[in-house]
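Trainee: The structure that follows is given in the form of C-alpha cells.
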Amino acid sequence: MRSLNKNFGILLLASMLLVSAGCGNSGNKTVNSGDSTRGDDTSPISFTFFGADANPNWNNMQDEVGKEITAKTGVTIDAEFDIGSGGGQDKISMMAASGDYPDLIFAKGELGKLVDTEAILDLTDLIEEHAPNIKKIMSENMNRMKYSNEDQAIYAIPTNIGVDQQYFDATNGFQVQHRVLKELGYPEIKTINDFENVLREYAEKHPTTDGQPTIPLTLNADGWKMLITVTNQANNTTGGMNDGEYHVDPETYEAMLHYKRPVEREYFRWLNKLYNDGLLDKDSFVQKEDQYKAKIASGRVLGLTSVDWEYAEAENALKAAGKYEYTYAHFPVTLSEEYKDHAMQSFGVDGYGISITTACKDPVRAIKFLDWLASDEGQVLRNWGIEGKQYIVENGTRVIPADVLNKKVNDANTFAKETGVDLYTTFAPRYGDGVKDSTGNYYTTNFPEQIIAKYSDVEKETLAAYKAKTWKELFPSEDELPVKEWGALYNMQVPTDGEYQVISKKTQDIVQKRIPEAILTKADKFDQVYDDFLAELDKVGAEKMEKEYTELVKARVSLFTGKNIE
C-alpha cells in the first residue's frame, strides 16, 4: 500500500442499525435501478455501515460536517469500525458466513469474500442512471472499477485514493526525531547505515529520555501492521514498488513473494544486527499496538520505519503537548545508494472502495447519497469543512484561519471529532490533491502553500537545514518513476477459495513466525534461519501461488491498459 496508502491510510468507518427504509437480504447481485422516482429525496433515512479500518475519531455524525451532511441529504450513518489491527477480516468472515450485512461497506481486501457470497450489488447501472458526479470523477477510469476481465461488474467505487492525485508531500520513508537531527548537525540520511549511525550516536549520548530508557527504534508487529513497519520496508528500501507481499517484474509481470529477493535478506540481516546491538526495541514483536503508540507518545523513540498514518495518533499527542522536537522528519532510506525509493510512484486510479450490499432495500437512495458526497459541494464540505467555521473565502480563495489551522495541526484528534473534517473520505470518490474546482480553488487542503503552513517551526528548521521546503523534495519525484500498469495490487482480488487461499494462509503464517525469528536470532544463526524460511515457503506451495498471481497481474494489466499480454 502506499502507505496508503492514504492511503490511507487513510481514515475509515462502519456499523449496523435498522433504518426507516428497512434492511433485508434480497439475495440478488444486481438491482433494477429504474424503480425509484424519489428524485432529490431528503426525508430521514439511516444506512448501516461497516469499515474495515479503525476510526477512533468517529463521532456518530454529531460533528459539524456530519450534521451538515444529514441536513443536506436526510441521511445518517450508523457506523461500526474494525477495532485494532484486523483489517476487517474476522468481522467480514462472520458476515459472509451468516448472511447478515450492513447497507454499505468498505471491505478493503476482503471484498472478494462478499462478492463470492453474492452480498454485493453490481453498481454499473446505478452509477449510469443516478450518479452523474461519480461518472464525472471516474470518467476515463471506469474500466479501473471493474472487478476482473471475467466479471466486469463494479462492486466497489474507489475512495481511498483521489482521482488525478498529485503528491506534494512525503509521509513515509524512515522517520527520525527532530531533536536527534538538530543535535547531530543534521547529518545526511540516505541509507540504512546512515539511519543506524544517527540512532546509535544519539542513544549513546542520551541513554534516557525524560527519565525513561531511550528507544533507538521500535516496530509495530501487531497483526497486519507488521507489514507496514517490518516486511514492506525490505522491499521499499531495495527498489521495490510496494506491491504488498509480491514483487512484480515490470517487464515480464512475473510475480514472486518479495522475501525471495536476495537483497531483501540483507535488509532483515540489518534488523538482526540492530537487535543484537541493542538498538531495536526487544519488545517489538510482542508488544500490542497501544503499547507501541504509548512509547512514541512518550517521546523516547528516536526512529521509526513507518508511514505517518500508522503512528499519527501518537505523534498528535506529542504535538498537543507542545513537544515538537520529539516529532519526526521523513527520509527516503534505502539499503544502499544504488536503490531508489518508489514512494512517489503513481499507480493511477485504483484502491479500496465503498460498496452497497444486497441487504440495502433502497440502493437508489444510497447511490444518490454517495453521489452527493462526490459533488463539488460534498467534496468541499468533506475536505474543508463549513464556510465561516473551518475556512473563509478571501478574494475568491478558500483560506483556513490561523487559529483553526493551529487546532487542526496541534490538536488533531479533537479537531477531527468536533468538526468532522476528513472523516468522510471513505464514503465517496473524490478528486485528489492538486486538482482545482470550477472556482479555481483546490478540492483538498493538501497543496504546497497549505502544507508548508501546517509545518511546525521545528519542521521548517529541519527542512531548511536539508535545503528543502517540503519532505517530498528529499524523495525521488514521480517524474523519475513510471505509472504502474497494474495499479495498486493490494486492491487486486485473488481467489477466495480453493488452493490459492490455503497456500496464501500458510505462507503468511510462515512469514509472521519466521521473519521475527530471523531478526531475533544470534547473528551467526541468521542465514540458516532465513534459508529454512525460504525453503518452508516453497514447501507449502509458494511457487504455484506465485504463478497464479502472475496470471492475475497480467490479466489486470490487460484490463487496465487494453494490452494483449501472453
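Trainee: Take ALA71 and tell me if it is modelled with pLDDT of 95 or more, surrounded by fewer than 20 Cβ atoms within 10 Å (Cβ to Cβ) and not in a loop (DSSP other than H, G, I, E, B).
Mentor: yes
Trainee: In the list GLU150, GLU129, GLU118, which residue meets the criterion of being modelled with pLDDT under 95 and in the same structural domain as SER375 (by TED's automatic domain parsing)? Spell out the reasoning first.
Mentor: Details: GLU129 fails: modelled with pLDDT under 95; GLU118 fails: modelled with pLDDT under 95.
Result of the check over GLU150, GLU129, GLU118: GLU150.
Trainee: So is ALA523 of a type in the set (A, V, I, L, M) and either farther than 21 Å from VAL248 by Cα or at pLDDT 95 or above (or both) or not?
Mentor: Yes, satisfied.
Trainee: Now a separate question. If you check GLY185 against the conditions, is it of a type in the set (Gly, Ala, Ser) and under 19 Å from PHE347 (Cα atoms)?
Mentor: no
Trainee: When you scan the range 477-495, how many residues do you find that are surrounded by 17 or more Cβ atoms within 10 Å (Cβ to Cβ) and either of a type in the set (Lys, Arg) or more than 25 Å from HIS342 (Cβ to Cβ) (or both)?
Mentor: Selection size over the range 477-495: 1.
Trainee: Something else about it: Is there a residue in the range 348-370 that is surrounded by fewer than 20 Cβ atoms within 10 Å (Cβ to Cβ), within 21 Å of the chain's Cα centre (by Cα) and not aromatic (Phe, Trp, Tyr)?
Mentor: Step one: list which residues in the range 348-370 are surrounded by fewer than 20 Cβ atoms within 10 Å (Cβ to Cβ), which gives 348, 361.
Still in the running and within 21 Å of the chain's Cα centre (by Cα): 348.
Among the residues that remain, those that are also not aromatic (Phe, Trp, Tyr) are: 348.
The answer is yes; a qualifying residue exists.
Trainee: Which of the residues spanning the range 153-187 are more than 21 Å from LYS368 (Cα to Cα), over 21 Å from the mean Cα position of the chain (by Cα) and assigned to a loop (DSSP other than H, G, I, E, B)?
Mentor: Of everything in the range 153-187, those that are more than 21 Å from LYS368 (Cα to Cα), over 21 Å from the mean Cα position of the chain (by Cα) and assigned to a loop (DSSP other than H, G, I, E, B) turn out to be LEU184, GLY185, TYR186, PRO187.
Trainee: So if I check each of ARG179, ARG200, which one is modelled with pLDDT of 95 or more, of a type outside the set (Phe, Trp, Tyr) and farther than 23 Å from ILE452 by Cβ?
Mentor: ARG200
Trainee: Among what's in the range 122-152 and is in contact with a helix residue (DSSP H, G or I) (Cβ under 6 Å, 6 or more places away or on another chain) and not in a helix (DSSP H, G or I), pick the residue that is nearest to ASP433 (Cα to Cα).
Mentor: Filtering the range 122-152 for residues that are in contact with a helix residue (DSSP H, G or I) (Cβ under 6 Å, 6 or more places away or on another chain) and not in a helix (DSSP H, G or I), the one nearest to ASP433 (Cα to Cα) comes out as ALA131.
Trainee: Let me ask another. For LYS91, work out the one condition from (1) part of a helix (DSSP H, G or I); (2) in contact with a helix residue (DSSP H, G or I) (Cβ under 8 Å, 6 or more places away or on another chain); (3) under 16 Å from GLY51 (Cβ atoms) it doesn't fulfil.
Mentor: Looking at each condition in turn, LYS91 falls short on (2).
Trainee: In the range 494-504, is there at least one residue being under 22 Å from the mean Cα position of the chain (by Cα) and either of a type in the set (D, E, K, R) or assigned to a helix (DSSP H, G or I) (or both)?
Mentor: yes
Trainee: When you look at GLU536, is it buried (at least 18 other Cβ atoms within 10 Å of the Cβ), farther than 30 Å from VAL115 by Cα and modelled with pLDDT of 95 or more, yes or no?
Mentor: no
Trainee: Could you tell me whether ALA294 is of a type in the set (A, V, I, L, M), surrounded by fewer than 17 Cβ atoms within 10 Å (Cβ to Cβ) and at pLDDT 95 or above?
Mentor: So ALA294 fits the description; yes.
Trainee: Would you call LYS282 assigned to a helix (DSSP H, G or I), at pLDDT 95 or above, charged (D, E, K, R) and in contact with a helix residue (DSSP H, G or I) (Cβ under 8 Å, 6 or more places away or on another chain)?
Mentor: no
Trainee: Every residue in the range 443-476 that is surrounded by 22 or more Cβ atoms within 10 Å (Cβ to Cβ), in the same structural domain as ASP371 (by TED's automatic domain parsing) and outside any loop (DSSP other than H, G, I, E, B), please.
Mentor: Once the filter is applied, which keeps residues that are surrounded by 22 or more Cβ atoms within 10 Å (Cβ to Cβ), in the same structural domain as ASP371 (by TED's automatic domain parsing) and outside any loop (DSSP other than H, G, I, E, B), the range 443-476 yields nothing.
Trainee: Which condition does ALA402 not pass, out of (1) surrounded by 17 or more Cβ atoms within 10 Å (Cβ to Cβ); (2) of a type in the set (A, V, I, L, M, F, W, C); (3) in the same structural domain as MET145 (by TED's automatic domain parsing), if it passes all the others?
Mentor: (1)
Trainee: Further question on the same structure: When you scan the range 251-268, how many residues do you find that are outside any helix (DSSP H, G or I) and under 23 Å from the mean Cα position of the chain (by Cα)?
Mentor: 3
Trainee: Here's another thing I want to ask about it. Only one of (1) modelled with pLDDT of 95 or more; (2) more than 17 Å from TYR259 (Cβ to Cβ) fails for VAL494. Which number is that?
Mentor: Unmet condition: (1).
The values are calculated or read from the model by the stated rules, or taken from the named source; none is laboratory data. Quick caveat: nothing in here was measured; it's all calculated off a predicted structure. Please note: Cβ atoms are built from the backbone with ideal geometry, for glycine as well, and neighbour counts cover all protein chains shown.
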